[in-house]
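The values are calculated or read from the model by the stated rules, or taken from the named source; none is laboratory data. These figures come from a predicted structure and were not determined experimentally. Here the Cβ positions follow ideal geometry from the backbone for every residue, glycine too, while neighbour counts run over all protein chains shown.
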Amino acid sequence: MRIAARLLSPPVVTAEMDPRAAEGELFPAEESAVAKAIGKRRREFVAGRTCARRAMAMLGKAPSAIPQGDDRAPVWPEGLVGSISHADTWCVAALARTADGVRALGLDIEPAEPIDTSLLRIICLPEERDFIEAQPAEQRGLLGRLVFSAKEAAFKCQYALSRTMLAYHAMRVHLDVPAQRFVAVFQRDAAPFARGDALSGTLLVDRGYMMTAVVMSRNDPPALPG
(Lines give C-alpha, C1' and ligand atoms only; values in the text may rest on other atoms or scores of the structure.)
Protein backbone atom coordinates (compact mmCIF):
# COMPACT_ATOMS: atom_id res chain seq x y z
CA MET A 1 0.00 0.00 0.00
CA ARG A 2 1.40 3.38 -1.00
CA ILE A 3 -0.48 6.38 0.35
CA ALA A 4 2.19 9.06 0.67
CA ALA A 5 3.29 8.67 -2.95
CA ARG A 6 -0.13 10.04 -3.94
CA LEU A 7 0.34 13.07 -1.71
CA LEU A 8 3.96 13.99 -2.43
CA SER A 9 5.98 13.91 -5.63
CA PRO A 10 9.62 14.48 -6.67
CA PRO A 11 11.89 15.98 -5.57
CA VAL A 12 10.34 14.60 -2.35
CA VAL A 13 10.49 10.81 -1.96
CA THR A 14 8.52 8.71 0.50
CA ALA A 15 8.64 5.29 2.11
CA GLU A 16 6.00 3.70 4.30
CA MET A 17 5.23 0.54 6.27
CA ASP A 18 3.12 -0.96 9.02
CA PRO A 19 5.02 -0.25 12.26
CA ARG A 20 3.65 -3.42 13.84
CA ALA A 21 5.94 -5.37 11.50
CA ALA A 22 9.03 -3.24 12.18
CA GLU A 23 12.18 -5.16 13.01
CA GLY A 24 15.88 -4.42 12.82
CA GLU A 25 18.76 -2.75 14.52
CA LEU A 26 19.22 0.95 15.15
CA PHE A 27 22.44 2.90 14.80
CA PRO A 28 24.16 3.48 18.16
CA ALA A 29 23.43 7.22 17.88
CA GLU A 30 19.71 6.42 17.68
CA GLU A 31 19.48 3.95 20.56
CA SER A 32 19.46 6.58 23.31
CA ALA A 33 16.06 7.83 22.12
CA VAL A 34 14.42 4.49 22.89
CA ALA A 35 16.81 3.04 25.46
CA LYS A 36 13.99 2.52 27.93
CA ALA A 37 11.21 1.95 25.40
CA ILE A 38 9.66 -1.41 24.73
CA GLY A 39 6.91 -2.76 22.51
CA LYS A 40 4.86 -0.27 20.54
CA ARG A 41 7.05 2.81 21.09
CA ARG A 42 10.23 1.03 20.00
CA ARG A 43 8.56 -0.53 16.93
CA GLU A 44 7.27 2.88 15.85
CA PHE A 45 10.73 4.41 16.22
CA VAL A 46 12.36 1.56 14.28
CA ALA A 47 9.69 1.84 11.57
CA GLY A 48 10.30 5.56 11.19
CA ARG A 49 14.06 5.14 10.85
CA THR A 50 13.60 2.17 8.50
CA CYS A 51 11.32 4.20 6.24
CA ALA A 52 13.71 7.15 6.34
CA ARG A 53 16.66 4.99 5.29
CA ARG A 54 14.63 3.47 2.47
CA ALA A 55 13.88 7.01 1.31
CA MET A 56 17.58 7.86 1.58
CA ALA A 57 18.35 4.98 -0.76
CA MET A 58 15.88 6.41 -3.28
CA LEU A 59 17.93 9.61 -3.21
CA GLY A 60 21.16 7.71 -3.73
CA LYS A 61 22.30 8.20 -0.14
CA ALA A 62 23.98 5.53 1.96
CA PRO A 63 22.14 4.48 5.15
CA SER A 64 23.11 6.65 8.10
CA ALA A 65 21.98 7.46 11.61
CA ILE A 66 19.07 9.80 12.25
CA PRO A 67 19.42 10.61 15.94
CA GLN A 68 16.76 12.36 17.97
CA GLY A 69 17.61 15.88 19.11
CA ASP A 70 16.94 17.31 22.55
CA ASP A 71 13.69 18.66 21.09
CA ARG A 72 12.76 15.09 19.99
CA ALA A 73 12.89 16.10 16.32
CA PRO A 74 14.96 13.94 13.92
CA VAL A 75 18.45 15.25 13.15
CA TRP A 76 18.83 14.71 9.40
CA PRO A 77 22.15 14.09 7.66
CA GLU A 78 23.67 17.15 6.04
CA GLY A 79 22.04 18.01 2.76
CA LEU A 80 18.71 16.34 3.57
CA VAL A 81 15.42 17.54 4.98
CA GLY A 82 12.67 15.21 6.08
CA SER A 83 9.71 14.37 8.22
CA ILE A 84 8.43 11.19 9.89
CA SER A 85 4.91 10.48 11.08
CA HIS A 86 3.03 7.43 12.22
CA ALA A 87 -0.41 6.27 13.25
CA ASP A 88 -0.89 3.01 15.16
CA THR A 89 -0.95 0.95 11.97
CA TRP A 90 0.99 2.99 9.40
CA CYS A 91 4.28 4.89 9.30
CA VAL A 92 5.60 7.28 6.66
CA ALA A 93 8.87 9.10 6.06
CA ALA A 94 9.38 11.85 3.47
CA LEU A 95 12.81 13.14 2.43
CA ALA A 96 14.31 15.57 -0.06
CA ARG A 97 17.71 16.99 -0.91
CA THR A 98 18.34 20.64 -0.15
CA ALA A 99 20.31 20.71 -3.42
CA ASP A 100 16.98 20.13 -5.17
CA GLY A 101 15.62 23.36 -3.72
CA VAL A 102 13.61 22.02 -0.77
CA ARG A 103 14.07 24.14 2.37
CA ALA A 104 11.82 22.24 4.77
CA LEU A 105 8.94 19.80 4.86
CA GLY A 106 6.38 18.55 7.33
CA LEU A 107 4.21 15.44 7.21
CA ASP A 108 1.41 14.09 9.38
CA ILE A 109 -0.70 10.92 9.23
CA GLU A 110 -3.82 10.27 11.30
CA PRO A 111 -6.59 7.69 11.30
CA ALA A 112 -9.50 8.96 9.21
CA GLU A 113 -11.77 8.99 12.24
CA PRO A 114 -13.75 11.83 13.80
CA ILE A 115 -12.05 13.69 16.60
CA ASP A 116 -13.97 14.36 19.81
CA THR A 117 -15.64 17.68 19.04
CA SER A 118 -15.07 18.77 22.65
CA LEU A 119 -11.40 19.17 21.65
CA LEU A 120 -12.15 21.74 18.95
CA ARG A 121 -11.76 24.67 21.34
CA ILE A 122 -8.23 23.52 22.11
CA ILE A 123 -7.22 22.88 18.50
CA CYS A 124 -9.20 25.46 16.55
CA LEU A 125 -9.50 29.23 16.44
CA PRO A 126 -13.03 30.68 16.52
CA GLU A 127 -12.99 31.14 12.72
CA GLU A 128 -12.00 27.51 12.21
CA ARG A 129 -14.76 26.34 14.56
CA ASP A 130 -17.28 28.49 12.71
CA PHE A 131 -16.28 26.78 9.44
CA ILE A 132 -16.56 23.31 10.96
CA GLU A 133 -19.85 23.99 12.71
CA ALA A 134 -21.35 25.24 9.44
CA GLN A 135 -20.81 21.79 7.89
CA PRO A 136 -23.17 18.79 8.23
CA ALA A 137 -23.01 17.28 11.71
CA GLU A 138 -21.61 13.96 10.50
CA GLN A 139 -18.59 15.72 8.94
CA ARG A 140 -17.54 17.94 11.83
CA GLY A 141 -15.44 15.48 13.78
CA LEU A 142 -13.53 14.41 10.67
CA LEU A 143 -12.92 18.03 9.62
CA GLY A 144 -11.69 18.79 13.12
CA ARG A 145 -9.12 16.04 12.85
CA LEU A 146 -8.14 17.29 9.40
CA VAL A 147 -7.50 20.79 10.81
CA PHE A 148 -5.42 19.18 13.57
CA SER A 149 -3.40 17.18 11.03
CA ALA A 150 -2.83 20.21 8.78
CA LYS A 151 -1.50 22.18 11.75
CA GLU A 152 0.81 19.32 12.71
CA ALA A 153 2.29 19.21 9.20
CA ALA A 154 2.67 23.00 9.06
CA PHE A 155 4.23 23.12 12.56
CA LYS A 156 6.83 20.52 11.57
CA CYS A 157 7.71 22.38 8.37
CA GLN A 158 8.12 25.77 10.01
CA TYR A 159 10.00 24.32 12.99
CA ALA A 160 12.81 23.16 10.72
CA LEU A 161 13.52 26.83 10.01
CA SER A 162 12.27 28.72 13.07
CA ARG A 163 13.04 26.25 15.88
CA THR A 164 9.92 27.69 17.52
CA MET A 165 7.32 25.45 19.15
CA LEU A 166 3.89 26.79 18.31
CA ALA A 167 0.58 26.30 20.08
CA TYR A 168 -2.49 25.28 18.09
CA HIS A 169 -3.86 28.82 17.95
CA ALA A 170 -0.62 30.14 16.42
CA MET A 171 -1.83 29.10 12.95
CA ARG A 172 -5.16 29.39 11.19
CA VAL A 173 -5.95 26.66 8.67
CA HIS A 174 -8.13 27.14 5.60
CA LEU A 175 -9.22 23.76 4.20
CA ASP A 176 -10.17 23.08 0.58
CA VAL A 177 -11.04 19.40 0.82
CA PRO A 178 -12.35 18.97 -2.77
CA ALA A 179 -9.06 20.40 -4.11
CA GLN A 180 -7.06 18.38 -1.55
CA ARG A 181 -5.25 21.48 -0.39
CA PHE A 182 -4.99 23.74 2.64
CA VAL A 183 -3.30 26.96 3.69
CA ALA A 184 -1.90 27.56 7.18
CA VAL A 185 -1.54 31.23 8.13
CA PHE A 186 0.72 32.37 10.96
CA GLN A 187 -1.13 34.21 13.72
CA ARG A 188 2.13 35.27 15.41
CA ASP A 189 5.75 35.86 14.49
CA ALA A 190 8.15 32.91 14.46
CA ALA A 191 11.26 34.24 12.74
CA PRO A 192 11.98 33.99 9.88
CA PHE A 193 8.17 33.87 9.55
CA ALA A 194 5.96 36.80 10.42
CA ARG A 195 2.32 37.04 11.34
CA GLY A 196 0.29 36.78 8.14
CA ASP A 197 2.79 34.57 6.31
CA ALA A 198 1.26 31.41 4.92
CA LEU A 199 2.32 27.86 4.15
CA SER A 200 0.52 25.89 1.43
CA GLY A 201 -0.12 22.20 1.94
CA THR A 202 -1.74 19.15 0.43
CA LEU A 203 -4.12 16.67 2.01
CA LEU A 204 -5.40 13.20 1.26
CA VAL A 205 -8.02 10.96 2.86
CA ASP A 206 -7.62 7.40 1.67
CA ARG A 207 -7.77 3.79 2.90
CA GLY A 208 -8.71 4.68 6.43
CA TYR A 209 -6.08 7.39 6.89
CA MET A 210 -5.75 11.12 6.46
CA MET A 211 -2.40 12.58 5.52
CA THR A 212 -1.24 16.18 5.26
CA ALA A 213 2.03 17.64 4.03
CA VAL A 214 3.75 20.98 3.60
CA VAL A 215 6.82 21.34 1.35
CA MET A 216 8.66 24.63 1.37
CA SER A 217 10.91 25.28 -1.61
CA ARG A 218 13.74 27.76 -1.84
CA ASN A 219 11.68 30.24 -3.86
CA ASP A 220 8.48 29.97 -1.85
CA PRO A 221 7.30 33.05 0.04
CA PRO A 222 8.01 34.33 2.56
CA ALA A 223 11.49 35.26 1.36
CA LEU A 224 14.03 33.66 3.64
CA PRO A 225 17.69 34.46 4.18
CA GLY A 226 20.25 32.38 2.30
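Are any of the residues in the range 205-222 surrounded by 15 or more Cβ atoms within 10 Å (Cβ to Cβ) and among the polar types (S, T, N, Q)?
yes
Kindly state which helices (runs of 4 or more DSSP H) lie completely within the range 120-174 and contain at least 2 residues that are under 15 Å from the mean Cα position of the chain (by Cα) and at pLDDT 95 or above. Spell out the reasoning first.
Working: elements: 120-123, 126-133, 137-162.
Correct list: 137-162.
In the range 72-114, how many are over 22 Å from Ser217 (Cα atoms) and either in the same structural domain as Glu138 (by TED's automatic domain parsing) or in contact (Cβ under 8 Å) with a residue 40 or more places away in the chain (or both)?
Step one: list which residues in the range 72-114 are over 22 Å from Ser217 (Cα atoms), which gives 72, 86-91, 110-114.
Still in the list and also either in the same structural domain as Glu138 (by TED's automatic domain parsing) or in contact (Cβ under 8 Å) with a residue 40 or more places away in the chain (or both): 86-91, 110-114.
Number satisfying all stated conditions: 11.
So is Arg49 over 23 Å from Gln158 (Cα atoms), basic (Lys, Arg) and either at pLDDT 95 or above or touching a Pro at 6+ places or on another chain (Cβ under 7 Å) (or both) or not? Before you say what the answer is, go through the steps one by one.
On the way: over 23 Å from Gln158 (Cα atoms): no; basic (Lys, Arg): yes; either at pLDDT 95 or above or touching a Pro at 6+ places or on another chain (Cβ under 7 Å) (or both): yes.
No; evaluated as a whole, the condition is false for this residue.
Of the residues that sit in the range 43-88 and are part of a loop (DSSP other than H, G, I, E, B) and of a type in the set (A, V, I, L, M, F, W, C), which one is nearest to Ala4 (Cα to Cα)? Working first, answer last.
Going residue by residue through the range 43-88, those that are part of a loop (DSSP other than H, G, I, E, B) are 59-67, 69-73, 75-79, 87-88.
Retained after the next criterion (residues that are of a type in the set (A, V, I, L, M, F, W, C)): 59, 62, 65-66, 73, 75-76, 87.
Values: Leu59: 16, Ala62: 22, Ala65: 23, Ile66: 20, Ala73: 20, Val75: 21, Trp76: 20, Ala87: 13 Å.
Per the criteria, the residue is Ala87.
In the range 1-42, which residues are within 17 Å of the chain's Cα centre (by Cα) and not in a loop (DSSP other than H, G, I, E, B)?
Across the range 1-42, the qualifying residues are Ala4, Ala5, Arg6, Leu7, Val13, Thr14, Ala15, Glu16, Met17, Pro19.
For the range 18-38, which positions are over 25 Å from Asp71 (Cα atoms) and in contact (Cβ under 8 Å) with a residue 60 or more places away in the chain?
Correct list: Asp18, Arg20.
Could you list, in sequence order, all residues of the range 124-157 that are basic (Lys, Arg), touching a helix residue (DSSP H, G or I) at 6+ places or on another chain (Cβ under 7 Å) and farther than 24 Å from Ser217 by Cβ?
Narrowing the range 124-157 to residues basic (Lys, Arg): 129, 140, 145, 151, 156.
From the residues that got through so far, the ones that are touching a helix residue (DSSP H, G or I) at 6+ places or on another chain (Cβ under 7 Å) too are 129, 140, 151.
Result: Arg129, Arg140.
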